[in-house]
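Everything on this sheet refers to the single structure shown next.
Each value in this text was obtained by applying a stated rule to the coordinates, not by laboratory testing. Every value quoted in this text rests on a predicted model; they were computed, and no experiment measured them. Positions of Cβ are generated from backbone atoms using ideal geometry, with glycine treated the same way; all protein chains shown enter the neighbour counts.
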């Protein structure tokens, strides 16, 4: 009996082993299937990631290209605006010249007017133009030489400017160190400025807006200066209460340095016996200097003159009785000299004037400001505050 059980036992266990083997094979197939699916999904995810990276790169490249085009458009916009401003300035000058010629030339309908009456009208028109420039002031002085030089002290940066208020009776000194700042120093007198403890005697004036260059002036208690980070904005600030009382855009200015040896100054302001002036260089006029008469009260442009004086190798300029004197030097340093002038009354010519040399100092002026009452120029000579006393003569009267 026991022998028969042993013979039947393998037969009973065989189906069980076969079923287990079949289940194991199915599990292997399922695992392989899932692995293939997971691998396919992983490959798809990799492709999606690559596509996404490629898309992001394209978006970045497109964004960079658009930013570059926007910058180019902004540059072109600025250039076009400059051309438009310059064209408007030219048109304005032509209109003024045409108006002036119309005042001088009789209209065809007035042919029958007596010749003496016509001549009288022309004289009145010419006289009216001269009066508008001179404002009825007696100014018959021209530069004939440099009488003396006085080095007051050495203070501040290599670049800067200093001056005395041109107001009658004022003795206040103003000190501007550097070519860009929003503060300046005020001294009650030249003696206080030259004192040993001069910094303790200074009043620090903080302006509402920063200045740029060395072309600022102080006139009748107001400071006139080039507003920093603007191309051609002139500000008028009341120094007592530190407020901006007026501002204007000087047509055509700010596109190149006024003087090639003073690259920090884009426009230069000056004061003489006739009032407030502005000087700048015009790249559309060969880099020549342009002189503009300003109304010191309203900053309105009274008249503009194109001159034959070059900005190349110029380091500064000052105006005496409506005549601009341009000071030249060299990039390597040398002796400063006046080699060009422009007289708005056409009574002085450069060809008739000898070259005027400044006392021998092989440096360069970064700021030059004429004081009409003292007949002196306050100059900044490589960090040395210097005063030049001028030799002047009477010039021919305008008739």
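Every test in (1) free of Cβ contacts under 8 Å to residues at least 24 places away in the same chain; (2) loosely packed, with under 14 Cβ neighbours inside 10 Å is passed by residue 312 save one, and that test is (1). Summed over region 278-289, the residues that are surrounded by 24 or more Cβ atoms within 10 Å (Cβ to Cβ) and without any contact (Cβ under 8 Å) to a residue 60 or more places away in the chain give a count of 4. Among the residues of region 344-366, those that are surrounded by 18 or more Cβ atoms within 10 Å (Cβ to Cβ), in contact (Cβ under 8 Å) with a residue 40 or more places away in the chain and under 16 Å from residue 324 (Cβ atoms) comprise 344, 348, 356, 365.
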